[in-house]
Amino acid sequence: MNCTPSKQSIQAIIQACLFVITLAGLTACGGNSADSDELIQSVILAEATDNGTTVESLNLFLQNGNDRIINENETAKLGATAILTNGSSSDATEAMSWSSSDPSILMESNGVLTGITKGTATLTGTIFTPNQITTELLINVSDAEIVPSSLEVLWPNPAPPCTTLSTQIRPVEFTDGTVRNVTEWATWSTSNATQAEIIALLPKEVDFVLYTDQEVAFNINVDDVDYPQFLTATEAPQVSVVLQDGGTLLASGETRSLQAISVYPANGAVTESIEQYLDWSSDFPSIASVENTNVTGVGSGETVIRGRCGDIEEEFATLSLDVISIDFEGIVFFIDDEEIGSGEISQYQIINIGDEETKIRAFADLGQFEVQLEDTEDWEVTSVDSSGSVSDIASIRYEEDHLLLTPLSAGKLEIKAFFDEDESDDDNALKEAVLKLEIK
Amino acid sequence: MASFPIRPFIFIATLLSLSVALTPSYAANEKRSNQRGDYYVGVGANYTQLLIGDAEFNPTVIRLRGGVFVLNNIALELQLGKGIDSDSPFDSLDIEIDQLQAFYARFQSPTQRGFRIYFQGGYARTELLQSDHSDDEINNSFSGISYGFGFEDQFKYYKPLYFYFEANQLFNDEIDINSANLGIRYTFN
């Protein structure tokens, strides 16, 4: 048999390969995605079926608490609870698809209903995962007006400044006889943005912060009618300040965030981190500087970090901070408990064959204090003469913060220890020192 | 869930195949190579790994193959498979391989002491059959570029016959279909 490939056979192979690749490419472009989706959906359903977490029914509702009624020009978030086959229930709001039977009466967009004009419309909610269930809810769109000329706001009491506070409007009566929540419908604003901030508008409540101990004017607008309201902050909460991860000690060059914990009595002791609401300053910026809620050590010494709340003169929170400078002065070794001084580090230290285990530790000398070096598995132990390998000369056990060395035969070893000055990947911050050992 | 480490093996096998193909002994070992015009058939059992979402299914397939060498140690191969069993992590869903077709270009090393490795690349189409309690059966097919590697061991007393073990990736996208095959292959010289 002639084994030399002819031009025709090579051409045939190339054509076959091109055909396969083209066919694969064309086929891969279509159909697979829909089949994958169908299969993944089947697996999700099977898992839910086995776990008893398929959806048996849905409860649809308005998150503002009103019962199947919305006013013209009112918007309201929709919610859904899924009742599962195992009897439990779960929030299904995010998984829902919604539609309105008559968008000219009731419009739905991204889970938010808007009343357009008086009438009734059917809201349809469908969940597709893990199984498809559809439920309908008849919604009445009303053109009624609010009866009372003023709204009653359920202000929190106490209402400490620089603390997250929540409020809501007491349900109001409408001309059609219904009593409804209008907190979500209302537009909230303040006359002076530096005195108060609305931080969240939720279906049943509004969250805000006061930055003053003066009276704050709020304006609540519902259905194009303004309802002015006033609130004065009560006493300041008790606030304790620490650095993140605790403590009041900061290294020069180190940046850590401040944590201010307030405690005030409202329905029991309310505890909250409020550092983001305070204006922070340092008595001595040359020792520690503050930016937003981060404090950075600049030079060694003591300073006080002060937190103030808006225009309130009274000091809100203080932190006495010690800043220490870290000046790397070298790595110090200890053989057992004997320190190898900087003058001796270039000399070979003698260890005798027959000695018991020798404990070798290293410390970074940072001027005002020392830090014991860990991660000994990163240390490099090498044999420096031709007498044999490291394992021939000594048995070495790597403990968390020290080496245990048992001499076996004569030879010279070098142990290189490392200190990462800023624990970063920056190689320039990596300091090292070598301990020379001679086994005799 | 166990994961099937197909990619590192494919990489290593490809390197081995290339290294063997580039050595001078390749041309010199004509007796140990399949010649142009040789053809073969084979049959094997196929343990499959279907990774769908977080779930793994392990159906078993019987896979037939036939091929012809268009050059020394380079063949075009057709494979046909039929599912015979399935292993599902769910009580309420079973997925098995209804049928499988693959068309590969096969690149193999010469036999060394009865042993050879090979790489195959081409196109595969896998048709899955899912069934649940309602006895409804749904077919989904997945097709695209497929590749794999394997090694063969020659029968000592019957040279045309080889044991093979190979690993393939049949489909890799939103779902993954991998397989491990064990079988025998007979070469007609």
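Throughout, read-outs are computed from the coordinates displayed, never taken from laboratory work. None of the values given here were measured: they were computed from a predicted structure. So basically every Cβ, Gly included, is an ideal-geometry build from the backbone, and we count neighbours across all protein chains shown.
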_Can you list residues from other chains, or at least 5 along the same chain, whose modelled amide H is less than 5 Å from the amide H of A:Phe419?_
A:Lys431, A:Glu432
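Would you please give the FRET efficiency between B:Asn139 and B:Asp173, computed as 1/(1 + (r/R0)^6) with r the Cβ-Cβ distance and R0 = 25 Å, to the nearest 0.05?
Working: r = 17 Å, r/R0 = 0.70.
Taking R0 as 25 Å, the efficiency between B:Asn139 and B:Asp173 is 0.90.
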*Between the stretch B:96-118 and the stretch A:95-112, how many Å separate their Cα centres?*
57 Å
*Neighbourhood charge, 15 Å Cβ-Cβ cut-off, centred on A:Ser99 and excluding it, Lys, Arg +1 and Asp, Glu -1*: -3
_For a quick check of your reading of the filter: which chymotrypsin sites (Phe, Trp or Tyr not before Pro) in the stretch B:125-163 sit in a DSSP loop and have no more than 12 other Cβ atoms within 10 Å?_
B:Tyr157, B:Tyr158
*Please give the contour-minus-distance gain from A:Val304 to A:Glu254: 0.36 nm per residue of separation, less the Cα-Cα distance, rounded to one decimal in nm.*
16.3 nm
*Quick one: net charge around A:Gly115, please, counting Lys, Arg +1 and Asp, Glu -1 for every other residue with C-beta under 9 Å from its C-beta.*
-2
*Using a basic spin-label model with each label point 7 Å from the Cα along Cα→Cβ, how many nm lie between A:Val242 and A:Ser150?*
4.6 nm
*Please list the equivalent ellipsoid semi-axes of chain A, computed as the square roots of five times the alpha-carbon gyration tensor eigenvalues, in descending order and whole angstrom.*
64, 46, 19
_Contact order relative to length of chain A, as percent, for alpha carbon pairs under 8 angstrom and 6 or more apart_ = 8 percent
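Give, in nm to one decimal, the length gained when the segment between A:Glu380 and A:Phe328 is fully stretched (0.36 nm per residue of separation minus the Cα-Cα distance). Walk me through the intermediate numbers first.
Values: separation 52, 0.36 × 52 = 18.72 nm, distance 2.08 nm.
My answer for the length gained is 16.6 nm.
To the nearest 20 debye, what is the magnitude of the charge dipole of the stretch A:191-312 about its Cα centre, counting +1 on the Cβ of each Lys and Arg and -1 on the Cβ of each Asp and Glu? Don't skip to the end; give the middle numbers.
Details: 4 positive and 18 negative charges, 83 e Å.
Using Cβ point charges on Lys, Arg, Asp and Glu, the stretch A:191-312 gives about 400 debye.
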_Label-zone membership for the stretch A:223-256, site A:Ser191, 7 angstrom Cα→C-beta point, backbone N under 17 Å_ = A:226-233
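Using the number of other C-beta atoms within 10 angstrom as an exposure proxy, rank A:Trp155, A:Trp185 with the fewest first. Write down the numbers at each step before the final one.
Details: A:Trp155 15, A:Trp185 22.
Sorted ascending by nearby Cβ count, the order is A:Trp155, A:Trp185.
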*Once you put a point 7 Å from the Cα of A:Arg68 and another 7 Å from the Cα of B:Val43, both along the Cβ direction, what distance in nm separates them?*
6.7 nm
*Starting from the amide H of A:Val55, placed 1.01 Å from N in the peptide plane, find each other amide H under 5 Å away whose residue is 5 or more places distant or on another chain.*
A:Asn131
*Within the stretch B:70-92, which residues have the backbone N less than 20 Å from the label spot 7 Å out from B:Tyr186 along Cα→beta-carbon, could you tell me?*
B:76-82
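Quote to one decimal, in nm, the extra length available between A:Ser90 and A:Asp337 on full extension: 0.36 nm per residue of separation minus the C-alpha distance between them.
Values: separation 247, 0.36 × 247 = 88.92 nm, distance 6.24 nm.
Full extension of this stretch gives 82.7 nm more.
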*For A:Pro407, what charge total do you get from the other residues with a beta carbon under 14 Å from its beta carbon, if Lys and Arg give +1 and Asp and Glu give -1?*
-2
_Using a Cα-Cα cut-off of under 25 Å, which lysines could be cross-linked to A:Lys359, ignoring same-chain neighbours fewer than 8 residues away?_
A:Lys412, A:Lys416, A:Lys431, A:Lys436, A:Lys440
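What does the average come to when, for each residue of peptide B:117-123, you count the partner chain Cβ atoms lying within 10 Å of its Cβ? Mind dumping the intermediate values first?
Working: counts 0, 0, 0, 0, 4, 7, 10.
Average per residue, whole number: 3.
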*Would you please give the FRET efficiency between B:Phe115 and B:Thr60, computed as 1/(1 + (r/R0)^6) with r the Cβ-Cβ distance and R0 = 30 Å, to the nearest 0.05?*
0.70
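Loop by DSSP (not H, G, I, E, B), at most 10 other beta-carbon atoms within 10 Å: where is the longest site-free stretch of chain A for GluC sites (Glu not before Pro)? All intermediate terms of the calculation are to be shown ahead of the outcome.
Details: sites that count: A:Glu313, A:Glu314, A:Glu356, A:Glu400, A:Glu423.
Between the exposed loop sites, the longest stretch runs A:1-312.
Computed FRET efficiency, Cβ-Cβ of A:Thr175 and A:Thr271, R0 60 Å: what is it to the nearest 0.05? Show your work: numbers first, answer last.
Values: r = 44 Å, r/R0 = 0.73.
For R0 = 60 Å, the calculated efficiency reads 0.85.
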